[in-house]
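Note sheet for the following structure.
The values are calculated or read from the model by the stated rules, or taken from the named source; none is laboratory data. Bear in mind that the values here come from a model prediction, so they are computed numbers and not experimental data. Every residue, glycine as well, gets a Cβ built from its backbone with ideal geometry; the counts of neighbours run over all protein chains shown.
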């Protein structure tokens, strides 16, 4: 869960942030407009989001993605008035950092948000793919994720390919391991997708 999406239309700033994140061990996806961000956000564990973009408003985009996933969002913006900060949190962000900012502070705030948003993972013997799948389901607990959303998240920047059949196999194996351990379950809603709950079936 270390992929960060940087949504920033200033190419120099986007590049500098991305480089700093990569040097700190994160995988980075970048977008300079909301059209591209919509294609990528489901693959990210955290989103750094500007407010003013060429094709839309970051506040509106944050509200939009909150209808689908609970991925942490940090605003990076020159809008530093109190009303703007309130608007950012009301739209669903997890932190709000006015520009200019220090990269070390940004990295610290990212770590803090990730610590707050992480859900304690059951102590299970899982493969790397099963662990990534469970992390994604738990991060979005209470919401059903489609197969396409899950496949997009599991298909990482290194080109690790996960096809539909592989996903089915891993969901089945993970469901069995959760059932055996009594540490939650994966619920399937036909035609919608999957969600994780800490409640076990009787």
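When we screen 108, 172, 181 for residues that are at pLDDT below 90 and more than 17 Å from the chain's Cα centre (by Cα), the only hit is 181. Selection within segment 2-25: residues that are touching a residue at least 60 places away in the same chain (Cβ under 8 Å) and touching a strand residue (DSSP E or B) at 6+ places or on another chain (Cβ under 8 Å). The member of this set that is farthest from residue 60 (Cα to Cα) is 21.
The listed residues are 72, 54, and the only one of them that is in contact (Cβ under 8 Å) with a residue 12 or more places away in the chain, touching a helix residue (DSSP H, G or I) at 6+ places or on another chain (Cβ under 9 Å) and surrounded by fewer than 19 Cβ atoms within 10 Å (Cβ to Cβ) turns out to be 54. Within segment 93-117, the set of residues being touching a residue at least 12 places away in the same chain (Cβ under 8 Å) and not in a helix (DSSP H, G or I) comprises 93, 94, 95, 96, 97, 98, 99, 101. The set of residues in segment 1-19 that are farther than 15 Å from residue 72 by Cα, touching a helix residue (DSSP H, G or I) at 6+ places or on another chain (Cβ under 9 Å) and crowded, with 17+ Cβ neighbours inside 10 Å comprises 8, 17.
When you scan segment 152-166, do you find a residue that is modelled with pLDDT under 90, surrounded by fewer than 14 Cβ atoms within 10 Å (Cβ to Cβ), under 19 Å from residue 125 (Cα atoms) and touching a helix residue (DSSP H, G or I) at 6+ places or on another chain (Cβ under 9 Å), even just one? Checked against the condition, which is being modelled with pLDDT under 90, surrounded by fewer than 14 Cβ atoms within 10 Å (Cβ to Cβ), under 19 Å from residue 125 (Cα atoms) and touching a helix residue (DSSP H, G or I) at 6+ places or on another chain (Cβ under 9 Å), segment 152-166 yields at least one hit. For first residues located in segment 180-202 and on the phi > 0 side of the Ramachandran plot, partners that are part of a strand (DSSP E or B) and lie 6+ apart or on another chain with Cβ distances below 9 Å form the pairs 184/196; 184/197; 193/145. Number of residues in segment 75-88 that are surrounded by 14 or more Cβ atoms within 10 Å (Cβ to Cβ) and over 16 Å from the mean Cα position of the chain (by Cα) equals 7. Within segment 125-141, the residues that satisfy the criterion of being modelled with pLDDT under 80 and part of a loop (DSSP other than H, G, I, E, B) are 140, 141.
Annotation note: Cβ proximity below 8 Å between a residue of segment 163-175 that is outside the structural domain of residue 132 (by TED's automatic domain parsing) and a residue that is exposed (fewer than 13 other Cβ atoms within 10 Å of the Cβ) (sequence gap 6+ or interchain) occurs for no pair.
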